[in-house]
Amino acid sequence: MALGQDTAGDFALKVQNYGRMTGVSVALHAIPDAFLVLHTGVGCKYKGANQLMLHDRQRLALHGEGYTEISDIVFVKGSASRIGPYLRSWHAKRRPAYMAVVASTFIEMAGEDIAGEVQKAAATVPCPVDYIRTLGFEGDLYEGYAAVLARVLARAPFRERRPRKGRASVAGFFFHRHEPDVLADVGELDRLLAGLGLKAGPCLLGGEPFARLLDAADSESLVCLPYLSSVPVPVGPEADRYGGRRLVHAGLPVGLSGTAAWLRRVGEGLGVKASVIEAAARRGRGEAGPAVKTLREAARRRLKGRRSVIFADTPLAAGLASFAAEAGLPPILVGLRDESLGGREAFARLLKESGTEPPPDLSVLRNPPLADARRRIRELARDGCLGVLFGSNYEAAQPARAGARIPVVETGFPCVGWHAADPSPSLGFAGAACLAERILHAL
Amino acid sequence: MPDTSLTQPCCSLSGAAAMLSAMEGRFAVVVHGERDCLNSFLAFNFPGAERFYCTNLGETQAALGRTSKALERCLEAAAAKDAPQALIVLGTCLTEMIGDDFPAVARRFSRRMGVPVLALRTSGLRSGTQAELLDLLYASLSTLSPRRGRGRSRKEGKGLILVGLPADGAVGGASEIERTLERLGLDLVGSFPHRGDLDAWRRIGGADAAFVVDRSLYPRFAAALESRGMSVAEVPLPIGLGQSLRCLEIIARRFGVEERLKDAAADGARECRREIARFRADFRGLSLAYGLRMCTNYEGDFLAYEGLGDLEFFAELGFRTALLVQGAPESESRRRIGERLRALGRKEPFLVFPDPIVLPGILSKGGFSLAYLGGHAGPEAARAGVPLVATRSLSPFFKGCLDNIARVRELLSGKG
């Protein structure tokens, strides 16, 4: 390419710029008795727990991470030998049930055998230890998260344990904080499974201790959510990896029709009777329908044809788009805050699976530059087109900056400005009611 | 060299990125390295993150040292998009590791495009002190201003800059120090970092004097200012009555406006004296756990006097103090910290602790009335039942002093 032909967008900070290291950190944070060793310089600490500090007020992320203090002198002398002492020292201090080690790009590039050193060190601590590669120019947050999921699943004794009949575990839930919103989402997934007559096993990841996660091996079925999609599939049938457990892949249950569709997909996939599925869907609609209807009426009266803007990772964006459409706030702009969850095609497929047709004028941007995304939000707000914004902390302030007083549903990662005091799910029928209430409250 | 500082070491890229993303103005920042280096600061916390770009170096480029084209393209794209008045290139561990001569690329680009380009050799590899980073950044930014004599202050001979003062929480309106300087007939050209945007940096050549909290933090910056013919004087961190008064007196003396200051400061100082006396009458036998080396945020007021700048305020209120220093617990580390504290003239008892997790035991055992620790140690202080004042959350000058006293009073009364 000739000089001068690049656009600023090729180089600009994106709405979701996090790399694998942050994803590994988020995943380890989700496991309360895990510990992450960052074999890095001091700056890479910011890619880990520091990003979670303002996001999760319930659990202090810093307590789950330590770093090996690489300086120039240490680096020149060879740094890998530090991994063992630091691993043992942190184990002695925190007694974790599971540990992972990541390394900075420049250390990886120096050619030392980090994997070998971690393997050696792992033998000296009484807990499982995984080394996860986190090169800074490969992969995004969700790939890092999925890499941990893959390691945990690989340690679950699927072949050794006999599955319990009627028990199902969700695998691939994006658990990013121990606050009442995300905990409530885990609860909603359990409730949805219960509605199908299934007993919920541990959710991966669902905020539970490491040993409990391994009990997923007791489950007869695994409901695989899209955050599992970045896990590399080995050669051979996928189910072999999980000792022949029954697998069903589904999007996120968001909104009324999205959740009903999710129940059908999961229920049918796991051989649940149609009457049971429909009864669960009817019950849920009955509980949450009035709140969504109230929102639809309020939107019609007070937002008069205004639309929603959604910035979220692909599965969540599809779910929120479905919810917004049924609430009378069809999306006009969607920003997909990831690079590994399938992009526009996955968004369209997941939206279709939820039974929602995208508006013909919907614009879908795949991980756009932060400056462009913010400018678009402000323009829509100024033009009076924007009725509600769903977005992370990166986008949440933009309507106010444009002088527009419209409801903002801060969601996803990072979510810094909103912290629920009570259980406030986004998933399931209760999630639909809760989202509707959040918007109504802001109206 | 062992790090003898009482403040946390830092990655200079993280520090520079955090400070530049908090700074307003028409400039762009290019991080020259891998994409993930844009996460070495909390971008979501700062509106200025929109101005950040990354050369997105890949493995092959780094391994072969072919980085200059990527930097040129990135600079061109950023310049075309934002029409910036300045571009700032920040190095990373990757460029440091391969010895990349990106400052030469930056110089060439600057000459070709006629835009100032500052190239800073930042990285986490040469982790230094936060103060070193601050000094490097300020000294570099000061070169954006024309030489002295151009862009003169509005009030001839009365222009000044302030460096390292804490934010006073004034939103929109003038702060207490701005109002006081106005009453003294002085012209505040810029206050760095809290009211120092790019324009202020471009104007500093018009100032006659600089007042710096803890001059030892800024050797290069102070030298750069003096080379412009500016006088540079040290002022204390204006927290509490005594330090606030001394800070204002030094400024007034430099401009010969001491008499005006007597008028301007009289009411505020009197009220502070009265409140301090009331507090000391109400509370006796107080003890304070004063934490050090717990924060990394690159703020001059946090770093001033190695984090000890707020201590005098607590002494004014009658607290006895013990210092809790976060650091390696080995005896060598303890010895070095002890030496450093003695060199700073501190005589308080001190204790070195490795990690906030051990603080509940220390705080309970010490029977402290109040803790002054990094805000993230809130849960530990709560577990020990000791009320917490987060590090450097105290406000400056007289109004701040009154607010601080009221806050400590509330905390001690169990209402905070």
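The values are calculated or read from the model by the stated rules, or taken from the named source; none is laboratory data. Note that the structure is a prediction, hence the values are computed from the model and not measured. Glycine gets a Cβ as well: all are built from the backbone with ideal geometry, and neighbour counts include every protein chain shown.
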Problem set entry | Residue check, B:Ala377 touching a strand residue (DSSP E or B) at 6+ places or on another chain (Cβ under 9 Å), of a type in the set (A, V, I, L, M), assigned to a helix (DSSP H, G or I) and buried (at least 17 other Cβ atoms within 10 Å of the Cβ) | yes
Problem set entry | Filtered residue count, segment A:413-434, keeping only those that are over 16 Å from the mean Cα position of the chain (by Cα), aliphatic (A, V, I, L, M) and surrounded by fewer than 24 Cβ atoms within 10 Å (Cβ to Cβ) | 4
For this session: Please determine, by comparing only the residues of segment B:49-67 that are β-branched (Val, Ile, Thr) and in contact with a His (Cβ under 9 Å, 6 or more places away or on another chain), which one is nearest to the other protein chains (Cβ to nearest Cβ).
Result: B:Thr55
Seminar exercise, completed: Picking from A:Arg133, A:Arg159, the residue that is farther than 11 Å from A:Val24 by Cβ, among the basic types (Lys, Arg), assigned to a loop (DSSP other than H, G, I, E, B) and touching a residue at least 40 places away in the same chain (Cβ under 8 Å) would be A:Arg159
Problem set entry | Qualifying positions in segment B:23-50 - farther than 27 Å from A:Pro399 by Cα, assigned to a helix (DSSP H, G or I) and not acidic (Asp, Glu) | B:Arg35, B:Cys37
Exercise. Can you list the helices (runs of 4 or more DSSP H) found entirely within segment B:68-141 that contain at least 2 residues being more than 26 Å from B:Gly205 (Cβ to Cβ) and either modelled with pLDDT of 95 or more or more than 9 Å from chain A (Cβ to nearest Cβ) (or both)?
Worked result: B:68-82, B:102-113
Exercise. How many residues does segment B:384-405 hold that are in contact (Cβ under 8 Å) with a residue 24 or more places away in the chain and assigned to a helix (DSSP H, G or I)?
Worked result: 9
For this session: Name the single residue, out of those in segment A:357-386 being part of a helix (DSSP H, G or I) and within 25 Å of the chain's Cα centre (by Cα), that is surrounded by the fewest Cβ atoms within 10 Å (Cβ to Cβ).
Result: A:Asp372
For this session: Would you mind listing the helices (runs of 4 or more DSSP H) fully within segment A:16-105 where at least 1 residues are more than 8 Å from every other protein chain (Cβ to nearest Cβ) and either touching a helix residue (DSSP H, G or I) at 6+ places or on another chain (Cβ under 6 Å) or within 26 Å of A:Pro180 (Cα to Cα) (or both)?
Result: A:20-30, A:49-53, A:83-94
For this session: Mind telling me which of the residues B:Ala63, B:Ala43, B:Ala49 ends up being over 23 Å from A:Leu141 (Cβ atoms) and among the aliphatic types (A, V, I, L, M)?
Result: B:Ala63
Problem set entry | Residue match in segment B:15-23 (condition: within 8 Å of chain A (Cβ to nearest Cβ) and either among the charged types (D, E, K, R) or touching a residue at least 12 places away in the same chain (Cβ under 8 Å) (or both)) | no
Problem set entry | Residues (farther than 29 Å from A:Leu193 by Cβ and not in a helix (DSSP H, G or I)) located in segment A:273-307 | A:Lys304, A:Gly305, A:Arg306, A:Arg307
For this session: Please enumerate the residues belonging to segment B:302-320 that are surrounded by fewer than 20 Cβ atoms within 10 Å (Cβ to Cβ) and touching a strand residue (DSSP E or B) at 6+ places or on another chain (Cβ under 6 Å).
Result: B:Arg320
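This table checks each residue for (1) farther than 23 Å from B:Phe319 by Cβ; (2) surrounded by fewer than 23 Cβ atoms within 10 Å (Cβ to Cβ); (3) touching a residue at least 40 places away in the same chain (Cβ under 8 Å).
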{"residue": "B:Leu198", "(1), (2), (3)": "yes, yes, yes"}
{"residue": "B:Ala224", "(1), (2), (3)": "yes, yes, yes"}
{"residue": "B:Leu237", "(1), (2), (3)": "no, no, yes"}
{"residue": "B:Arg246", "(1), (2), (3)": "no, yes, no"}
{"residue": "B:Leu261", "(1), (2), (3)": "yes, yes, yes"}
{"residue": "B:Phe283", "(1), (2), (3)": "no, yes, yes"}
{"residue": "B:Tyr290", "(1), (2), (3)": "no, no, yes"}
Exercise. Within segment A:136-156, can you find the residues that are part of a helix (DSSP H, G or I) and either within 14 Å of chain B (Cβ to nearest Cβ) or out of contact with any strand residue (DSSP E or B) (no Cβ under 7 Å at 6 or more places or on another chain) (or both)?
Worked result: A:Leu141, A:Tyr142, A:Glu143, A:Gly144, A:Tyr145, A:Ala146, A:Ala147, A:Ala150, A:Ala154, A:Arg155
For this session: Among the residues of segment B:199-241, write down those that are of a type in the set (Gly, Ala, Ser) and touching a Pro at 6+ places or on another chain (Cβ under 8 Å).
Result: B:Gly205
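Here is a yes/no grid of residues against (1) within 14 Å of chain B (Cβ to nearest Cβ); (2) not hydrophobic (A, V, I, L, M, F, W, C):
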position: A:Leu365; (1), (2): no, no
position: A:Val388; (1), (2): no, no
position: A:Arg401; (1), (2): yes, yes
position: A:Pro407; (1), (2): no, yes
position: A:Cys434; (1), (2): no, no
Exercise. Which residue, of A:Gly286, A:Gly319, is touching a residue at least 12 places away in the same chain (Cβ under 8 Å) and in the same structural domain as A:Gly431 (by TED's automatic domain parsing)?
Worked result: A:Gly319
Problem set entry | helices (runs of 4 or more DSSP H) contained in segment A:387-443 and holding at least 2 residues touching a Pro at 6+ places or on another chain (Cβ under 7 Å) | A:428-442
Exercise. Here are B:Arg254, B:Arg246, B:Arg280: which of them is modelled with pLDDT of 95 or more and in the same structural domain as B:Asn404 (by TED's automatic domain parsing)?
Worked result: B:Arg280
Exercise. Only one of (1) facing chain A (nearest Cβ under 7 Å); (2) within 16 Å of A:Lys14 (Cβ to Cβ) fails for B:Val31. Which number is that?
Worked result: (1)
Exercise. So which of A:Leu214, A:Leu192 is crowded, with 22+ Cβ neighbours inside 10 Å and either over 19 Å from the mean Cα position of the chain (by Cα) or not basic (Lys, Arg) (or both)?
Worked result: A:Leu192
